[in-house]
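The values are calculated or read from the model by the stated rules, or taken from the named source; none is laboratory data. Note that the structure is a prediction, hence the values are computed from the model and not measured. No Cβ is skipped: glycine too gets one built from the backbone with ideal geometry, and neighbour counts run over all protein chains shown. Keep in mind that these areas ignore ligands, DNA and RNA; they rest on the heavy atoms of the full protein, side chains included. Shrake-Rupley method; radii C 1.70, N 1.55, O 1.52, S 1.80 Å.
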Amino acid sequence: MMKNPVLICDFDGTVTKNDNIIAIMKQFAPDGWEELKDGVLSQRISIKEGVGKMFSLLSTSQKEEITEFILNDAKIREGFTEFVAYAKDAGIPLYIVSGGIDFFVRPLLKGLVPDDQVYCNMSDFSGDYIQIDWPHLCDEHCSNECGCCKPSIVREIAKGKDIIVIGDSITDLEAAKLADFVVARDLLLEKCRSLGLHHKPFATFYDVIDHVKEVIG
Ligand SMILES: [Mg+2]
Ligand SMILES: [Zn+2]
């Protein structure tokens, strides 16, 4: 039974079926980006450093190609529209907290989730290479250099509430540790199991709706 639930939902690999940063790198980045990705996943380098360096491999002259590619390539997971409607009807605040970048996160969520419920990184195409700007840096309680610091955002917007985190990867782990309940897939699911966090697995957002209904009672 939860009195005051709040939903904190990841974007890449959660709302969308694939990770959009990885898809962009596979399509456009020169060799060398995989090392940065592996460094992030194994926590050898920070997310901020890894993602910043990956995008700095991409020329801003490709802006239109990259944007068009990712808006066509990304697929929204089944049941997401219904999930957003469910949260709204039930009066549960829903925030998308994403380590993704504004130029694909915001267009893909257009008409689904209002802009002021979306937290993500920003992009600067004014130089020769793409530069990522970080409006949501780590607070004094986090030293992971998250880039978009999910635990800091959770502390800011969900204080004193019953926190439900929905996610798929290592980048959701610190927020998941602050949650009362986690709905997880992929690497985050493994981590929830090994750390013994209160969680349920999901494949579609219909599963997420069922789990949330059950846990809030
Ligand atoms: Mg993700
Ligand atoms: Zn952080």
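Below are the figures for this structure:
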| item | result |
| --- | --- |
| Failed condition for Arg44, given (1) assigned to a helix (DSSP H, G or I); (2) open to solvent by 80 Å² or more (accessible area, probe 1.4 Å); (3) within 25 Å of Asp133 (Cβ to Cβ); (4) not small (Gly, Ala, Ser) | (1) |
| Residue tally, condition within 11 Å of ligand 1 (Cβ to nearest atom) and either among the charged types (D, E, K, R) or over 20 Å from the mean Cα position of the chain (by Cα) (or both), over the stretch 18-45 | 1 |
| Given (1) within 16 Å of ligand 1 (Cβ to nearest atom); (2) open to solvent by less than 40 Å² (accessible area, probe 1.4 Å), number of the condition Leu58 does not satisfy | (1) |
| Scope the stretch 142-174; condition within 14 Å of Ile47 (Cα to Cα), assigned to a helix (DSSP H, G or I), modelled with pLDDT of 95 or more and away from ligand 1 (no atom under 11 Å from the Cβ); matching residues | Pro151 |
| Residue in the stretch 76-85 that is over 18 Å from Asn20 (Cα atoms), aliphatic (A, V, I, L, M), more than 16 Å from ligand 2 (Cβ to nearest atom) and in a helix (DSSP H, G or I) present | yes |
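Conditions (1) under 15 Å from the mean Cα position of the chain (by Cα); (2) surrounded by 22 or more Cβ atoms within 10 Å (Cβ to Cβ); (3) more than 16 Å from ligand 2 (Cβ to nearest atom), marked per residue:
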residue	(1), (2), (3)
Asn121	yes, yes, no
Tyr129	no, no, yes
Cys138	no, no, no
His141	no, no, no
Ile153	yes, no, no
Gly160	no, no, yes
